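Scroll down for the structure; my scribbles are underneath it.
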Amino acid sequence: MTNDRRWLIAFGAGLITLSVVLYALHFLIFHDFHHIGIYTLGDIAFLPLEVLLVTLVFHQVLESRDRRQRMEKLNMVIGTFFSALGTQLLTYISNNDPNLDEIRPRLVVTETWTDETFLEVERRLKRHPCRVRIENVDLEAVKRFLGSREEFLLRLLENPVLFEHETFTELLRAIFHFNEELQRRPGFSGLPGADTAHLASDLERIYSLLIREWLGYMRYLQKNYPYLFSFAMRTNPFDERASAIVE
C-alpha cells in the first residue's frame with residue numbers, strides 16, 4: 001500500500017471518528033437523540049444533491065476554465081513556432097507546390113472570414129494533394145535552416161502542453177524527422193532517385209500538416225487577438241502582395 005493511500009485511509013478514518021465524537025458530545029449535552037436523528041437524516045438526504053452540484057456543476061466549471069487556460073498556453077506555443085520557423089518554412093515549401101495557384105486565392109485570409117469560410121477552406125485543403133517539386137528545393141539551405149532551430153524544436157517536443165494537440169505534435173515529429181534525415185546526409189547532389197523520392201515524401205508530409213495548422217492558428221487569432229491577426233494577415237505566406245508595412 002502506498003503512502004498516499006495510507007494517508008487517505010487515515011484521513012477518512014479521522015473524519016469519521018471526529019463526527020462520531022461530535023455526535024456523542026451533542027447527545028451528552030442535550031440528551032436529544034431525536035434531534036440528532038432528524039438532522040443526520042436531513043444531511044444524508046442532501047448528500048446526493050451535494051455530490052451532483054460538486055461533480056457535475058462546479059467540477060465542470062473548473063474543468064472548463066482549466067481547459068481554456070491550457071488552450072491559451074497551447075496557442076502561445078503554436079504562435080512561437082510560427083514566428084520562429086513555421087511561417088518561413090511554409091512560405092518556402094508552398095512556393096515549390098506545383099498546384100499552388102489552385103489554392104492560393106482561397107488562403108488569403110481576411111477579417112471578414114466567418115467560421116463557415118474557414119471550414120470550407122479546410123475541406124478544400126483536404127482535397128489538395130500538397131505536392132512539392134523536390135528538384136527545385138535547396139535541400140542544403142533547408143538543412144542549415146532546420147539545423148539552426150534544432151534546439152528550439154527539441155524544447156517544443158518536450159513541452160507537456162502539446163499533449164493537448166495531437167496534430168501539432170505530429171507536425172513537430174515530422175519536421176524533426178525530416179531534419180534528422182537531412183543532417184545525416186553529407187550532401188544532396190547525385191542522390192539516388194529512391195532517396196530523393198523519400199525526402200520528397202517527408203517534405204510533403206510536413207506541408208500537409210503545416211498548412212492545416214497554419215489555417216487553424218489564423219482562425220484562433222482572428223477570434224481572440226485582432227492585433228496579432230493583423231500582422232499574420234500582412235505576412236500571409238500565400239498572399240503575393242504581403243508586406244509587414246501597414247499601408
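The values are calculated or read from the model by the stated rules, or taken from the named source; none is laboratory data. Because the structure is a prediction, the values reported are computed rather than measured. Virtual Cβ from ideal backbone geometry, glycine too; neighbours counted across all protein chains shown. Surface areas here come from the heavy atoms of the whole protein model, side chains and all, with no ligands, DNA or RNA. Shrake-Rupley method; radii C 1.70, N 1.55, O 1.52, S 1.80 Å.
Within the range 232-241, the set of residues being surrounded by fewer than 14 Cβ atoms within 10 Å (Cβ to Cβ) and either of a type in the set (A, V, I, L, M, F, W, C) or within 20 Å of LEU89 (Cβ to Cβ) (or both) comprises just one member, GLU240.
Of the residues making up the range 92-114, those that are polar (S, T, N, Q), free of Cβ contacts under 8 Å to residues at least 40 places away in the same chain and within 23 Å of ILE175 (Cα to Cα) are ASN95, ASN99. On inspection, PHE178 qualifies as aromatic (Phe, Trp, Tyr), out of contact with any Leu (no Cβ under 6 Å at 6 or more places or on another chain), free of Cβ contacts under 8 Å to residues at least 60 places away in the same chain and under 22 Å from ASN95 (Cβ atoms).
Check the range 212-219 and report whether any residue there is at pLDDT below 95, open to solvent by 30 Å² or more (accessible area, probe 1.4 Å) and part of a loop (DSSP other than H, G, I, E, B). For the range 212-219, residues at pLDDT below 95, open to solvent by 30 Å² or more (accessible area, probe 1.4 Å) and part of a loop (DSSP other than H, G, I, E, B): absent.
Selection of the range 71-129 for residues being outside any helix (DSSP H, G or I), β-branched (Val, Ile, Thr) and open to solvent by less than 70 Å² (accessible area, probe 1.4 Å) yields VAL108, VAL109, THR110, THR114. Which ones in the range 161-200 are surrounded by 12 or more Cβ atoms within 10 Å (Cβ to Cβ), among the charged types (D, E, K, R), under 13 Å from LEU139 (Cα atoms) and under 30 Å from the mean Cα position of the chain (by Cα)? Correct list: GLU180, GLU181.
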